[in-house]
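The structure appears below as structure tokens.
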Amino acid sequence: GRFTTRHSSIYLFASADGRYVAHDITLDGNSFRDGPRVDKFNWVDDLTWGCAVQPCRYFEIRYAHVTRSRQFRGQRGNDVFGSLDACFTFKF
């Protein structure tokens, strides 16, 4: 297919995600032995927003910006990060 405006699109997205974390090996330490640990929060949430551009029906590129709540007491602030991904669609 050739590039046409009929198959191109731009869209925005947003989401909120919450989860309960019973055991996080990076914060709780080893699963089988006692070790150093921190006072963590079991409930963690993510707020995500971003945009996507699809210049043709076979290719799309997306950027997402994520703000994650604090995961343990004493953490200086929320974690903030972004991701960029591309999607290619092939028809067989």
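The values are calculated or read from the model by the stated rules, or taken from the named source; none is laboratory data. Since the model is a prediction, treat every value here as computed from it, not as a measurement. Don't worry about glycine lacking a Cβ; one is built from the backbone with ideal geometry, like all the others, and counts go over all protein chains shown. The protein model used for the area step is the full one, side chains on, heavy atoms only, and it has no ligands, DNA or RNA in it. Shrake-Rupley method; radii C 1.70, N 1.55, O 1.52, S 1.80 Å.
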| Can you work out the FRET efficiency for the pair residue 7 and residue 27, with r the C-beta to C-beta distance and R0 = 30 Å, to the nearest 0.05? | 0.10
| said: Quick check for you: which residues of the stretch 55-91 have the amide N under 11 Å from the point 7 Å beyond the Cα of residue 46 toward its beta carbon? | reply: 64-69, 81-83
| query | Carbon and sulfur atoms: what percent of the 1.4 Å accessible area of the chain do they account for? | reply | 58
| note | So, over other residues within a Cβ distance under 14 Å of residue 82, counting Lys, Arg +1 and Asp, Glu -1, the net charge is -1
| Efficiency of FRET between residue 59 and residue 17 - r from beta-carbon atoms, R0 25 angstrom, step 0.05 | 0.40
| said: Using the Cα centre of the stretch 25-92 as the reference point, and only Cβ charges (+1 on K/R, -1 on D/E), how large is the resulting charge dipole? Debye, rounded to the nearest 20. | reply: 40
| Of all the Cα-Cα pairs you can form in the chain, what percent are over 20 Å apart? | 56
